[in-house]
Amino acid sequence: MLDPALLRQQPDDLARRLRETRGHELDAASLSALEAERKQIQARTQELQALRNSRSKEIGGLMGRLRKAQGSDEAASLEEQVERIKAEVAGFGDELKESEERLDAIRGELEAIALGIPNLPDDSVPVGEDEAGNVEQHRWGEPRHFGFEVKDHVALGAPHGWLDGESAAKLSGARFTVLRGPVARLHRALAQFMLDLHTGEHGYEETNVPVLVNPDAMQGTGQLPKFEDDLFATEIGEAGEPNSRRYLVPTAEVPLTNLVRDAITDAAVLPLRMTAHSMCFRAEAGSHGRDTRGMIRQHQFEKVELVSITRPEQSADEHERMTRNAEAVLERLGLPYRRMLLCSGDMGFSATKTYDLEVWLPSQQTYREISSVSNCGAFQARRMQARWRNPETGKPELVHTLNGSGVAVGRALIAVMENGQQEDGSITVPEVLRPYMGGVESIRP
């Protein structure tokens with residue numbers, strides 16, 4: 001969520017910036033009209049509340065005097081004053097109730113608008129509409145030249161039962177895959193290797209988190225309300241009961257980042273670095289017809305996620321560090337990749353700056369995204385009220401949050417299979433994975 005001061009004080013400038021950088025249309029006139037009405041009704045509501053409170057206090061004083069004056073000539077006069085004031089309070093009570101209800105409604109409308117506004121891009125982000133505006137930063141590794149016909153991961157795995165989409169479809173429908181035998185073990189080895197690297201060398205704390213979260217957690221990181229159609233939801237207990245709805249996480253970013261929600265984190269522990277291997281679930285709404293073959297785009301997949309919680313002045317450096325941590329995974333695996341700086345129109349909703357890492361897939365003769373590392377600034381923290389106490393001022397301030405894949409396990413599996421394929425159909429196991437594979441150097445049909 002953006003700073004409310006921007007919406008209140010600079011709606012026209014904010015609308016222009018959002019339109020030019022994000023392609024987001026903000027109705028500044030309606031926003032300004034709502035804000036003007038809020039100010040007017042809030043002032044009147046506070047006036048009526050103050051009047052009610054003063055009159056209630058006055059009645060209390062008169063009632064105290066009345067108790068002492070029972071049976072005297074003064075009692076009748078006091079009773080008359082009490083009834084007159086009660087009538088006066090009743091007279092403006094209906095207006096106060098209406099004002100309070102309208103004020104709550106306006107605040108709800110303003111919050112709904114604020115929750116639907118994406119983050120503003122950092123000044124270093126190029127302006128663009130879509131992926132065509134992304135800027136390559138650098139490449140690592142040279143794509144391998146094969147002396148035989150290259151197969152994709154499905155052709156490499158399906159004939160041997162290692163990748164089984166048919167059985168998965170029977171169980172769950174399209175966009176699911178059953179892994180068997182050495183490829184299932186290779187998939188597990190990749191996740192274990194990534195966790196060991198990030199905890200042992202990169203300083204992240206391994207964390208095991210729920211994959212079912214409540215709506216507040218989804219709203220805190222920006223998935224709700226805008227992306228409800230992309231999520232899988234279920235009910236805990238009776239449907240429709242308060243707090244019964246739960247969502248399957250699209251990434252472990254959601255539970256990891258929400259660990260600091262509604263909390264003031266000690267400055268001494270920042271930056272707080274966490275990693276988790278988890279299942280991820282995405283409905284992939286609107287992606288019909290895209291990457292339907294194999295494991296490129298699945299409803300259920302696994303990732304090793306990286307999350308950092310930092311002081312504001314640390315987040316830019318932490319963003320570079322996290323991206324290098326993800327790059328280290330690909331380099332250890334010997335997978336060619338490139339780093340892309342995403343343009344303003346291609347970034348995620350909550351991000352102020354994003355790097356994508358794209359791994360080389362020989363079957364497609366192109367680079368495909370395998371990791372996205374984003375600095376969200378204070379955007380998520382403001383939604384979550386995630387703060388730290390500044391030791392210089394003693395006051396709580398919003399933290400900055402960052403997240404990234406370190407990396408997507410399924411896509412890493414695809415890249416290892418395709419880049420390591422041999423003419424006889426075997427697949428060379430990267431050296432760093434062999435200890436996790438019982439010393440096996442290659443997977444053979």
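The values are calculated or read from the model by the stated rules, or taken from the named source; none is laboratory data. These figures come from a predicted structure and were not determined experimentally. Backbone-built Cβ (ideal geometry, glycine too); neighbour counts: all protein chains shown.
Would you be able to say whether some residue in segment 255-276 is of a type in the set (S, T, N, Q), within 18 Å of the chain's Cα centre (by Cα), within 20 Å of Arg175 (Cα to Cα) and at pLDDT 95 or above?
no
When you look at Arg387, is it under 18 Å from Leu272 (Cα atoms) and either crowded, with 19+ Cβ neighbours inside 10 Å or in contact with a Leu (Cβ under 8 Å, 6 or more places away or on another chain) (or both), yes or no?
Considered against the rule, which asks whether it is under 18 Å from Leu272 (Cα atoms) and either crowded, with 19+ Cβ neighbours inside 10 Å or in contact with a Leu (Cβ under 8 Å, 6 or more places away or on another chain) (or both), Arg387 comes out as yes.
Take segment 303-317 and flag every residue that is acidic (Asp, Glu) and either modelled with pLDDT under 95 or buried (at least 20 other Cβ atoms within 10 Å of the Cβ) (or both).
Glu305
Restricting attention to segment 18-52, which residues are assigned to a helix (DSSP H, G or I) and within 20 Å of Glu129 (Cα to Cα)?
Leu18, Arg19, Glu20, Thr21, Arg22, listed by residue number.
Under the condition of being surrounded by fewer than 20 Cβ atoms within 10 Å (Cβ to Cβ), more than 22 Å from the chain's Cα centre (by Cα) and among the hydroxyl-bearing types (Ser, Thr, Tyr), which residue from segment 165-221 is farthest from Gln380 (Cα to Cα)?
Result: Ser167.
Take the residues in segment 222-245 that are in contact with a strand residue (DSSP E or B) (Cβ under 9 Å, 6 or more places away or on another chain) and of a type in the set (S, T, N, Q); name whichever of them is surrounded by the most Cβ atoms within 10 Å (Cβ to Cβ).
Among them, the one singled out is Gln223.
Looking at Gly181, Gly157, Gly161, which one is touching a Phe, Trp or Tyr at 6+ places or on another chain (Cβ under 8 Å) and either in the same structural domain as Gln422 (by TED's automatic domain parsing) or over 27 Å from Glu331 (Cα atoms) (or both)?
Of Gly181, Gly157, Gly161, the one residue that is touching a Phe, Trp or Tyr at 6+ places or on another chain (Cβ under 8 Å) and either in the same structural domain as Gln422 (by TED's automatic domain parsing) or over 27 Å from Glu331 (Cα atoms) (or both) is Gly181.
So which residues in segment 425-440 are farther than 22 Å from Gly147 by Cα and in a loop (DSSP other than H, G, I, E, B), if there are any at all?
Across segment 425-440, the qualifying residues are Gly438, Gly439, Val440.
Of the residues Thr366, Thr310, only one is out of contact with any helix residue (DSSP H, G or I) (no Cβ under 8 Å at 6 or more places or on another chain) and either among the hydroxyl-bearing types (Ser, Thr, Tyr) or not assigned by TED's automatic domain parsing to the domain that holds Val416 (or both); which?
Thr366
Name the single residue, out of those in segment 35-55 being within 18 Å of Glu88 (Cβ to Cβ) and either touching a residue at least 24 places away in the same chain (Cβ under 8 Å) or hydrophobic (A, V, I, L, M, F, W, C) (or both), that is surrounded by the fewest Cβ atoms within 10 Å (Cβ to Cβ).
Ala50
Does Leu66 count as in contact with a helix residue (DSSP H, G or I) (Cβ under 7 Å, 6 or more places away or on another chain), within 20 Å of Arg107 (Cβ to Cβ) and surrounded by 13 or more Cβ atoms within 10 Å (Cβ to Cβ)?
No; evaluated as a whole, the condition is false for this residue.
Since Glu166 meets every condition but one in (1) assigned to a helix (DSSP H, G or I); (2) within 22 Å of Ser363 (Cα to Cα); (3) touching a residue at least 40 places away in the same chain (Cβ under 8 Å), which condition does it not meet?
It is condition (3) that Glu166 fails.
Considering only residues that are buried (at least 22 other Cβ atoms within 10 Å of the Cβ) and closer than 20 Å to Leu259 by Cβ, which ones fall in segment 347-382?
Listed by number, the residues that qualify are Ser350, Ala351, Val373, Ser374, Asn375, Cys376, Gly377, Phe379, Gln380, Ala381.
Scan (1) in a helix (DSSP H, G or I); (2) among the hydroxyl-bearing types (Ser, Thr, Tyr); (3) exposed (fewer than 14 other Cβ atoms within 10 Å of the Cβ) for the single condition Ser99 breaks and write down its number.
Condition (3) is where Ser99 drops out.
Answer yes or no: is there a residue in segment 323-337 that is free of Cβ contacts under 8 Å to residues at least 40 places away in the same chain, more than 17 Å from Glu131 (Cβ to Cβ) and surrounded by fewer than 23 Cβ atoms within 10 Å (Cβ to Cβ).
Looking for residues that are free of Cβ contacts under 8 Å to residues at least 40 places away in the same chain, more than 17 Å from Glu131 (Cβ to Cβ) and surrounded by fewer than 23 Cβ atoms within 10 Å (Cβ to Cβ), one finds at least one in segment 323-337, hence yes.
Select from segment 1-17 the residues that are of a type outside the set (A, V, I, L, M, F, W, C), out of contact with any Asp or Glu (no Cβ under 7 Å at 6 or more places or on another chain) and either surrounded by 18 or more Cβ atoms within 10 Å (Cβ to Cβ) or in a helix (DSSP H, G or I) (or both) and list them in ascending order.
Result: Pro4, Gln9, Pro11, Asp12, Asp13, Arg16, Arg17.
Is it true that some residue in segment 363-376 is in contact with a strand residue (DSSP E or B) (Cβ under 9 Å, 6 or more places away or on another chain), closer than 17 Å to Leu270 by Cβ and not aromatic (Phe, Trp, Tyr)?
Scanning segment 363-376 turns up at least one residue that is in contact with a strand residue (DSSP E or B) (Cβ under 9 Å, 6 or more places away or on another chain), closer than 17 Å to Leu270 by Cβ and not aromatic (Phe, Trp, Tyr).
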